[in-house]
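All remarks here apply to the structure that follows.
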Number of protein chains: 6
Amino acid sequence: MSQLSRFSVPDSISDLPEDIQKSMLAVQEKAGFIPNVFLMLAHRPAEFRAFFAYHDALMERESPTLSLAEREMIVVAMSAQHECLYCVVAHGALLRIYSKQPHLSDQIAINYRTAPITDKQRMMLDFTYYLAIECGVLTDEWCAKLQEQGFSMDDIWDMGAIASFFGLSNRLVSMAGTPPNDEFYLLGRIPRSK
Amino acid sequence: MSQLSRFSVPDSISDLPEDIQKSMLAVQEKAGFIPNVFLMLAHRPAEFRAFFAYHDALMERESPTLSLAEREMIVVAMSAQHECLYCVVAHGALLRIYSKQPHLSDQIAINYRTAPITDKQRMMLDFTYYLAIECGVLTDEWCAKLQEQGFSMDDIWDMGAIASFFGLSNRLVSMAGTPPNDEFYLLGRIPRSK
Amino acid sequence: MSQLSRFSVPDSISDLPEDIQKSMLAVQEKAGFIPNVFLMLAHRPAEFRAFFAYHDALMERESPTLSLAEREMIVVAMSAQHECLYCVVAHGALLRIYSKQPHLSDQIAINYRTAPITDKQRMMLDFTYYLAIECGVLTDEWCAKLQEQGFSMDDIWDMGAIASFFGLSNRLVSMAGTPPNDEFYLLGRIPRSK
Amino acid sequence: MSQLSRFSVPDSISDLPEDIQKSMLAVQEKAGFIPNVFLMLAHRPAEFRAFFAYHDALMERESPTLSLAEREMIVVAMSAQHECLYCVVAHGALLRIYSKQPHLSDQIAINYRTAPITDKQRMMLDFTYYLAIECGVLTDEWCAKLQEQGFSMDDIWDMGAIASFFGLSNRLVSMAGTPPNDEFYLLGRIPRSK
Amino acid sequence: MSQLSRFSVPDSISDLPEDIQKSMLAVQEKAGFIPNVFLMLAHRPAEFRAFFAYHDALMERESPTLSLAEREMIVVAMSAQHECLYCVVAHGALLRIYSKQPHLSDQIAINYRTAPITDKQRMMLDFTYYLAIECGVLTDEWCAKLQEQGFSMDDIWDMGAIASFFGLSNRLVSMAGTPPNDEFYLLGRIPRSK
Amino acid sequence: MSQLSRFSVPDSISDLPEDIQKSMLAVQEKAGFIPNVFLMLAHRPAEFRAFFAYHDALMERESPTLSLAEREMIVVAMSAQHECLYCVVAHGALLRIYSKQPHLSDQIAINYRTAPITDKQRMMLDFTYYLAIECGVLTDEWCAKLQEQGFSMDDIWDMGAIASFFGLSNRLVSMAGTPPNDEFYLLGRIPRSK
């Protein structure tokens, strides 16, 4: 079995603070397994709590103009730029599930500029690329272009913050060397039979 | 007066959730003013809380082998790489205060490779550069080199996590266009008279 | 249905020169479908013939020290660097089949430096990266290092020539905009039941 | 005498397959010498045949809107980007001969953006730079711009394929370390006396 | 005390050629101290003379459309790109003094694209960035854009020449390892009391 | 006839200051023509004087361990990196003449790493590349390596200063758009008959 992290991981979940145990059991209930990044972060309870609070605030915000699938597109595209296997594979699974498009994650991870997405989605990814990879600053031009496509200022904040937050996530994984759980690789690739 | 943020800022602190008000008053009590980044993040209370919880967990951890000044060195060096004026100026002030060296922030911001720091500190900054700017992964070689210099695995985590967290911080500022408070520019440059 | 190429594609295989028809039928017999790149190249019969003759000479050469799976590793790693979806997906399928490791293609495409491969294979990919992406020249040092790992001069030629040939292939696809056949995405991901 | 290749070269042409001998004698008849790249590739007859078949298909195609000299411009400009001495010197000689401009090869090799060429030729080189060096994909905008300049879709294919093919050629030479024949350096530099 | 240079520095000013002594005493009279770069260059009298003659010709030319402060902006912005502490700190002091803006040097050194300067000044810095950092050539488009902003051809020459000259200066300092005099760090940061 | 400069050039040499006239006539006497860069710089007499004083101090210094040909190698290699046609062609001519090797300039301009030079010369060019192109600082390691090869500290200064000075020269030419004189292209390529 491959190593979960270069840093310490809990021998047993029952040794962890109760709220952290609870969040692990909740995700296990939903997904059928505990994603490795939960175990990797558990050695630092305060950071664990801040990380997932931040994550949920950004990834679960309701917006009629920025869907859950689009949020995952940003994660997959940016994590691929940072060459972070964990995030590409884990969030690639979520993107396949949310979008119901079994090839979309691979298309975005390998080259988002050739992926079959809308112009609006392409601009969203171009903006996050500019901000997170090229260290650009939000200019009046970018604001105008994004708003013309129908994004609100709150959407713009979300897009930029998601891309930036996963820059943090990608680097924590690069430091810990945490691999994705095997389950993620196949999720959403095969249509579920009824 | 220059604009605080491209996104909404509170008209009055008294409109904000109580815990956020409290943290603003606490920093004002200590510094004499409210750093602009507090006001910039206030439009998203959940993210505000997660951001500062994460920040404090990383920047205030006690370690005999990674001082508060060294943590600020990482912030200044990485923020300069990302060309983030706010973080260079605000954390430059903290670095001058903690290190009691009035020129150190400028030396590290402009070129940390020529700054008058120890070999251990130089390796610390090289590692964070490699991880956060070059998107490197923590290898056995890096682990060994850093441990030989006297860093613990907890220090290594802190160094990497601080560099990565400020990558997030730098990009939020680049998005909001938030300038540093004027007070930061001069803090720690002039020896206090008794 | 998505467009096969920006350039002309045959309306019917029966209009093509006999030898080209034959090679298409042969691959269809074996794979169950005609890979799109065959149809994309058919508008230039002389180039079609040269391309596949070159391809087969490099990819099918027998060597006890450079397996078919390792040849495909090079293709996947280099095509990912060139952000060529077609080649990553099509040759990713072949790599899964040859290696019998269903996750290996994703691991190499996203970041070959963190993939679970041998040191010898890692050096093979480092060399092709150096030659094909960084435009390096083969030096005495590289020759010595590669030979110490057990590669023959013929293997070195193959590695470099495969990486270089797929640089050509990647760019032809980028020009034509040819997508991978849907079948490739899932090939080799699921263990065949007996 | 400098070494022809890191890989094996034929002791005598007469040991080679007949068709390869023939092609060497043909070029010797025409040029007065055998270009070193023929000898370098001879250790792999199948690749030799595919390479020159591909080369001739691309470099000798007749088009009223893409001349032989313009094809050589692409080779010189791209080979200079890849820092391949052999291809710059050998194809620089051909460009001087075809264009009858003794300084054009140096002008394009050192900086094609300042060379005294037409706007159409400049766009041709910008396109091949974008495709072959920056790994860009052919977009609607590029198609439109190139067609407005008078290039056909077949010309666009040729330009992209030539640039990509010489990317392969450049890297084979970098691997073998093959120097240009001395004769190439001066060809076309001095007006022939009648 | 930190070392002034890796190369020889004069034990005493009185050993130097008379004209060089004179220029040192003149700057000392004006600034209150001898900037270290004068001592660093003194081991090569002919180069010393040429360097300062060139410097003065560029930095002291009178132009109604390119002020002394704007000339220093170019120096600070370009020296920051080259990570040259000496030039950023020394010319940052001059910029603060000429502009009477105590924060401007830090704002330009860290990210000139977010500094509170005019559009004309922004274009000036973009042009020098393009020419000196990206090795661009002056095109008709650049000429037109700069002249529309009110710059004369003489201003354009000055801007480009200043940026290029300090590229030389930055590298000489990088070679000698010369630190800025302590006095520079604080100059112009604090309003002078009458 | 191609344009000599985007900036003003003298209608007649006789309008220029006497010392500048004299230096032009001196070079014409020696070379048979006035190199275009003399005419290009003449619109700024003070800069003209400083430029050539600096140039001569660096390029004509006598050293048993850094020959005139080696100085020109640096110029050709660095000017090629900056894609400056004028300097590559003009100093390429000088290099051919000084070295008596008619192919050396092309070999160094296209890829100095594959040129047939000594290890000492290769290190000299690696150092100037590191300093002038990569903006590196002179470290103890570099000092030691260069001195082991037999270079004095004065040679090191010369190498670095030559590379830096021609960075200035290259950019002035890029700004003025000055082409090399036709005569330079062929100089030193053909053995002089007795």
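Residues in the stretch A:18-49 that are more than 14 Å from chain B (Cβ to nearest Cβ) and of a type in the set (Phe, Trp, Tyr): A:Phe33, A:Phe38. Within the stretch B:118-128, the set of residues being surrounded by fewer than 20 Cβ atoms within 10 Å (Cβ to Cβ) and either part of a loop (DSSP other than H, G, I, E, B) or of a type in the set (Val, Ile, Thr) (or both) comprises B:Thr118 only.
Cβ separations smaller than 7 Å between residues 6+ apart or across chains give the following pairs from the stretch E:114-133 residues that are farther than 25 Å from B:Arg171 by Cα to residues that are surrounded by fewer than 21 Cβ atoms within 10 Å (Cβ to Cβ): E:Lys120/E:Gln149; E:Lys120/E:Gly150; E:Phe127/E:Trp142. Could you check, for the stretch A:110-117, whether at least one of its residues is within 24 Å of C:Val88 (Cβ to Cβ), of a type in the set (S, T, N, Q), in a helix (DSSP H, G or I) and open to solvent by 40 Å² or more (accessible area, probe 1.4 Å)? Within the stretch A:110-117, one or more residues are within 24 Å of C:Val88 (Cβ to Cβ), of a type in the set (S, T, N, Q), in a helix (DSSP H, G or I) and open to solvent by 40 Å² or more (accessible area, probe 1.4 Å).
Given E:Met59, E:Met78, which one is open to solvent by 10 Å² or more (accessible area, probe 1.4 Å) and not acidic (Asp, Glu)? Can you show your working first?
On the way: E:Met78 fails: open to solvent by 10 Å² or more (accessible area, probe 1.4 Å).
Just one listed residue meets the conditions, E:Met59.
The rows are residues; the columns are (1) of a type in the set (D, E, K, R); (2) within 22 Å of E:Tyr54 (Cα to Cα).
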| position | (1), (2) |
| --- | --- |
| F:Phe38 | no, yes |
| F:His43 | no, yes |
| F:Arg49 | yes, yes |
| F:His55 | no, yes |
| F:Leu58 | no, yes |
| F:Glu72 | yes, no |
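For the stretch E:175-194, the set of residues classified as modelled with pLDDT of 95 or more and either within 14 Å of B:Gln107 (Cβ to Cβ) or among the aliphatic types (A, V, I, L, M) (or both) consists of E:Met175, E:Ala176, E:Gly177, E:Thr178, E:Pro179, E:Pro180, E:Asn181, E:Asp182, E:Phe184, E:Tyr185, E:Leu186, E:Leu187, listed by residue number. If you go through the stretch F:12-48 and keep only what is of a type in the set (Phe, Trp, Tyr) and either out of contact with any helix residue (DSSP H, G or I) (no Cβ under 9 Å at 6 or more places or on another chain) or within 14 Å of E:Ala161 (Cβ to Cβ) (or both), you end up with just F:Phe48.
Counting the residues of the stretch E:19-50 that are outside any loop (DSSP other than H, G, I, E, B), open to solvent by less than 40 Å² (accessible area, probe 1.4 Å) and without any contact (Cβ under 8 Å) to a residue 24 or more places away in the chain gives 5. The residue that is farthest from the other protein chains (Cβ to nearest Cβ), counting only those in the stretch A:129-175 that are among the hydroxyl-bearing types (Ser, Thr, Tyr) and not in a loop (DSSP other than H, G, I, E, B), is A:Tyr129. Considering each residue of the stretch E:150-157 in turn, at least one proves to be under 24 Å from F:Ser164 (Cβ atoms), at pLDDT 95 or above and not aromatic (Phe, Trp, Tyr).
Can you say whether C:Ala115 is within 14 Å of chain A (Cβ to nearest Cβ), at pLDDT 95 or above and in contact with a Leu (Cβ under 8 Å, 6 or more places away or on another chain), as far as the supplied structure shows? Break it down into steps so the answer makes sense when it comes.
Details: within 14 Å of chain A (Cβ to nearest Cβ): yes; at pLDDT 95 or above: yes; in contact with a Leu (Cβ under 8 Å, 6 or more places away or on another chain): yes.
For C:Ala115, the condition - within 14 Å of chain A (Cβ to nearest Cβ), at pLDDT 95 or above and in contact with a Leu (Cβ under 8 Å, 6 or more places away or on another chain) - is met.
The number of residues in the stretch C:70-102 being more than 9 Å from chain A (Cβ to nearest Cβ) and of a type in the set (Asp, Glu) comes to 2. Among the residues of the stretch E:62-75, the one identified as assigned to a loop (DSSP other than H, G, I, E, B) and either open to solvent by less than 20 Å² (accessible area, probe 1.4 Å) or closer than 20 Å to E:Leu4 by Cβ (or both) is E:Leu66. Looking across the stretch F:176-194 at every residue that is at the interface with another protein chain (Cβ under 7 Å from one of its Cβ atoms) and open to solvent by less than 40 Å² (accessible area, probe 1.4 Å), the one that is nearest to E:Met159 (Cα to Cα) is identified as F:Tyr185.
Every listed requirement among (1) over 23 Å from F:Asp182 (Cα atoms); (2) facing another protein chain (nearest Cβ under 9 Å) is met by F:Phe52 save one, (1).
The values are calculated or read from the model by the stated rules, or taken from the named source; none is laboratory data. Since we're looking at a predicted model, the values are computed, not measured. Cβ sites come from the backbone with ideal geometry, for glycine too, and all protein chains shown count toward neighbours. The accessibility values were calculated without ligands, DNA or RNA, using every heavy atom of the protein model including side chains. Shrake-Rupley method; radii C 1.70, N 1.55, O 1.52, S 1.80 Å.
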